[in-house]
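Visitor: Dropping a structure here in structure tokens format, bear with me for questions.
The values are calculated or read from the model by the stated rules, or taken from the named source; none is laboratory data. As the structure is a computational prediction, the values presented were derived from the model and not from experiment. Because the Cβ atoms are built from the backbone with ideal geometry, glycine has one as well, and the counts that use them run over all protein chains shown.
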Amino acid sequence: MLCKISLSIWMATVIIAVFLLPPPQAQLGDVSRVFFFHVPMAWIAVLAFLLSLIFSLQYLRKKDLNYDIKARTAARLGLLFTILATISGSIFAKTSWGSFWNWDPRETSIFILLLIYGAYFALRSAVEMPDRRASLSAVYAILAFFTVPFLVFVIPRVYQSLHPNDSVINTRLQIQMSSSILIAFLASLVGFTWLFLWIFRLETKINRLLDEMEE
Amino acid sequence: MKSSSWAAKAGWLLFKDLKSEFRTRYALNAIFMFGLTTLTVVSFSVGGISSNTRITSSLFWLVIFFSSMSGLAQVFVKEEESKTVNVLKLSASSGTVLVGKLLFNLVLLLILELVIVPLFIIWMNLSILNIWLFLSVLLLGSLGLACATTITAAIISKSHVKGALFAVLSFPILLPLLIVGIDGTRKSLEGVDFSAGFADLRLLISYVVVMLVASILLFDFVWNE
Amino acid sequence: MISLETQNLGKWFGKRKVFEGINLSLREKSSLVITGRNGSGKTTLLKILCGLIRPSRGEVTIKQDGKILILEKSRNHIGLVMPDLELYGELTAWENLNYLGRIRGLITGKEDLKEMIAGVGLKDREDDLVSSFSSGMKQRLKYAFARLHQPEILLLDEPSANLDEEGISVVEKIVTEQKERGILILATNQREDLKYADEIIQLGR
């Protein structure tokens, strides 16, 4: 109860601060405020993927279905935040650079993360037996993770080859972080992480109860 | 009378699979039909524009990728569907199965390329300026493709949907390979020095190594329930 | 000297319990018959004993001369005949046994294999495709496959399925032989098969 209230207050404060403070990117004006939300969401999307990976590893080691519940919950939240990050990033791109999608390295990476999550859930829905479903999705999560380092190297080259003369658009417009903006940003980061963990705990509990109820 | 190294056992599995395949031709038919159809469509529509190496190299890998998707899952799906998987499980260790099946997919892919690649070159009027780079990229790329698709095929063979799921799962995993392969092939068409292609070749080799290691570590969890 | 033991073996598929608390201790020259209604888990138990499936709880311990065999090694000491097991239809009987043997690491000459195939009553059929076999013939070939590596432990699920009188007498011969040299475990619904048993357990009560 206390957690819920403090979390709400924290997030409310962050949201208000985001709109009260001067916009982080003076040239773009109000639109740049999305930065306070977009970056934390993208960060959570990655964090969720890492968590999903860790729980998948744990499942393969211990064969405890609770780890599978955790892996799947983390992945679901990760998918949600990936979609949110993609949409918010896309809106930002449209208003600052004129087009919704550019295939720049960040956009490409988030899109691939979306594909991986999609594949993960497609796999889960195609397997009925719980142990098998848990093993196979755990294996896939780990397999997908192995390809991530390659994407880190390979994607920048893709962008360079698509837009060989466009160094202008590629550089993030520098965001001058005065101390108040920095604090607001960090507060937003903390807030979203807190939100994620809170939802994660809740969903894990719910899923565990649901599974037990089916008995 | 016991014998054999693990290599010999995997070799016999490969031999058995090849023999089965040549008798039934399930995978071969799928791969060839798909490959030839895609290739034909591609060359009808784009055939004249051979000067755009970027398009040509992308189409090249597109044909190979989609042909793989239509036939490389057979290696495990057929065993599950005809219920012969148990017989294999009782006879072979998981390592033998992984290596044998991987080699089978590689052979299948190479057979496909033996036909498709010359046709592609002829129909698309290609001039490959650096043939060694072209071949190296093709071979390493095929090896990477075989590695990644084998473990994915094992995963989907245990599911209900199988067909469509194979492409859905493979695509994110194969994306780095495709990107680098396309880049490398493009360079070979443009005739850059072999040394300029090193970056791509290095990435391809590391992809193969990583996929192999990942498959070896993870295959057991898929094969043994 | 081969032995097979299980401790508190249990299996669940998700939430559905198949069985639990199975304790077995079998030594050479012993036989066990597992009975139970359809769906009581007989086949699942056999699959667990030979390592095709992992148990949810408990362990299967197979020892040879007192040394514990890990799963990879124990595979070579167990043979299984089961309805849910098929040989490769597009290969001949001989090719099936030859290739599967070699994949296991056995080198067996063609003549020896022909003898084994004849031994299950399929004389002169070794070069016929298995897809052309009747279900009874396939069942007999499964026996040849199960015994290819001369396993000390033989697991039979529905041993008389699809077999005519002659087939059944082949099975009887195999069963008697196996009881002499190793461990025999049978899962069945047929009353007649109970005569093979030293010990009987019933699943699904």
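Visitor: Taking the criterion of being part of a loop (DSSP other than H, G, I, E, B) and facing chain A (nearest Cβ under 10 Å), would at least one residue in segment B:170-184 satisfy it?
Guide: Looking only at segment B:170-184, we keep the residues that are part of a loop (DSSP other than H, G, I, E, B), and these are none.
Within segment B:170-184, none of the residues are part of a loop (DSSP other than H, G, I, E, B) and facing chain A (nearest Cβ under 10 Å).
Visitor: Looking at this structure, is B:Asn105 part of a helix (DSSP H, G or I), within 14 Å of chain C (Cβ to nearest Cβ) and either in contact (Cβ under 8 Å) with a residue 24 or more places away in the chain or of a type outside the set (Phe, Trp, Tyr) (or both)? Steps first, answer last, please.
Guide: Working: part of a helix (DSSP H, G or I): yes; within 14 Å of chain C (Cβ to nearest Cβ): no; either in contact (Cβ under 8 Å) with a residue 24 or more places away in the chain or of a type outside the set (Phe, Trp, Tyr) (or both): yes.
No.
Visitor: State yes or no: is B:Ser67 crowded, with 22+ Cβ neighbours inside 10 Å and within 22 Å of B:Ile155 (Cα to Cα)?
Guide: On the way: crowded, with 22+ Cβ neighbours inside 10 Å: yes; within 22 Å of B:Ile155 (Cα to Cα): yes.
In short, yes.
Visitor: When you check B:Ile121 against the structure, is it crowded, with 19+ Cβ neighbours inside 10 Å and either in contact (Cβ under 8 Å) with a residue 60 or more places away in the chain or part of a helix (DSSP H, G or I) (or both), yes or no? Write out each step before concluding.
Guide: Working: crowded, with 19+ Cβ neighbours inside 10 Å: no; either in contact (Cβ under 8 Å) with a residue 60 or more places away in the chain or part of a helix (DSSP H, G or I) (or both): yes.
It is false that B:Ile121 is crowded, with 19+ Cβ neighbours inside 10 Å and either in contact (Cβ under 8 Å) with a residue 60 or more places away in the chain or part of a helix (DSSP H, G or I) (or both).
Visitor: Name the residue, out of C:Glu115, C:Glu111, C:Glu95, that is of a type in the set (D, E, K, R), under 21 Å from B:Ser82 (Cβ atoms) and over 18 Å from the mean Cα position of the chain (by Cα). Steps first, answer last, please.
Guide: Numbers: C:Glu115 fails: under 21 Å from B:Ser82 (Cβ atoms); C:Glu111 fails: under 21 Å from B:Ser82 (Cβ atoms).
Among C:Glu115, C:Glu111, C:Glu95, only C:Glu95 is of a type in the set (D, E, K, R), under 21 Å from B:Ser82 (Cβ atoms) and over 18 Å from the mean Cα position of the chain (by Cα).
Visitor: Among (1) among the basic types (Lys, Arg); (2) assigned to a helix (DSSP H, G or I); (3) over 30 Å from B:Ile122 (Cα atoms), where does B:Arg54 come up short?
Guide: Going through (1) among the basic types (Lys, Arg); (2) assigned to a helix (DSSP H, G or I); (3) over 30 Å from B:Ile122 (Cα atoms) one by one, B:Arg54 breaks only (3).
Visitor: Can I ask one more? What about A:Asp104, is it acidic (Asp, Glu) and modelled with pLDDT of 90 or more?
Guide: So A:Asp104 fails the test.
Visitor: Additional query: I'd like the residue in segment B:89-100 that is in contact (Cβ under 8 Å) with a residue 40 or more places away in the chain and of a type outside the set (S, T, N, Q) and, out of all such residues, is surrounded by the fewest Cβ atoms within 10 Å (Cβ to Cβ).
Guide: At the first step, the residues of segment B:89-100 found to be in contact (Cβ under 8 Å) with a residue 40 or more places away in the chain are B:89, B:92-100.
Still in the list and also of a type outside the set (S, T, N, Q): B:89, B:92, B:95, B:97-100.
On the way: B:Lys89: 23, B:Ala92: 24, B:Gly95: 16, B:Val97: 26, B:Leu98: 25, B:Val99: 24, B:Gly100: 24.
The extreme case among them is B:Gly95.
Visitor: While we're on this one: Could you tell me which residue of segment B:158-182 is nearest to B:Phe221 (Cα to Cα), considering only residues that are touching a residue at least 40 places away in the same chain (Cβ under 8 Å) and surrounded by fewer than 23 Cβ atoms within 10 Å (Cβ to Cβ)?
Guide: If we take residues in segment B:158-182 being touching a residue at least 40 places away in the same chain (Cβ under 8 Å) and surrounded by fewer than 23 Cβ atoms within 10 Å (Cβ to Cβ), then B:Lys158 is nearest to B:Phe221 (Cα to Cα).
Visitor: For segment A:113-128, check the following and say yes or no: at least one residue is part of a helix (DSSP H, G or I), charged (D, E, K, R) and touching a Lys or Arg at 6+ places or on another chain (Cβ under 7 Å). Before the answer, list the steps.
Guide: We begin by selecting, within segment A:113-128, every residue part of a helix (DSSP H, G or I); these are A:113-125.
So of that shortlist, the ones also charged (D, E, K, R) come out as A:124.
This time we only want the ones that are touching a Lys or Arg at 6+ places or on another chain (Cβ under 7 Å), so: A:124.
Yes, there is a match, as at least one residue in segment A:113-128 is part of a helix (DSSP H, G or I), charged (D, E, K, R) and touching a Lys or Arg at 6+ places or on another chain (Cβ under 7 Å).
Visitor: Right, something else. Search segment C:79-91 for residues that are at the interface with chain B (Cβ under 7 Å from one of its Cβ atoms) and more than 11 Å from B:Ser20 (Cβ to Cβ) and pair each with any residue that is of a type in the set (D, E, K, R) and assigned to a loop (DSSP other than H, G, I, E, B) when their beta-carbon atoms are under 7 Å apart and the residues are at least 6 apart or on different chains.
Guide: C:Asp84/B:Lys83; C:Leu85/B:Lys83; C:Glu86/B:Lys83
Visitor: Let me ask something else about it. Go through segment C:33-126 and tell me which strands (runs of 3 or more DSSP E), entirely inside it, have 2 or more residues that are buried (at least 22 other Cβ atoms within 10 Å of the Cβ). Before the answer, list the steps.
Guide: Numbers: elements: C:57-64, C:67-69, C:78-81.
Where strands (runs of 3 or more DSSP E) fall fully within segment C:33-126 and carry at least 2 residues being buried (at least 22 other Cβ atoms within 10 Å of the Cβ), they are C:78-81.
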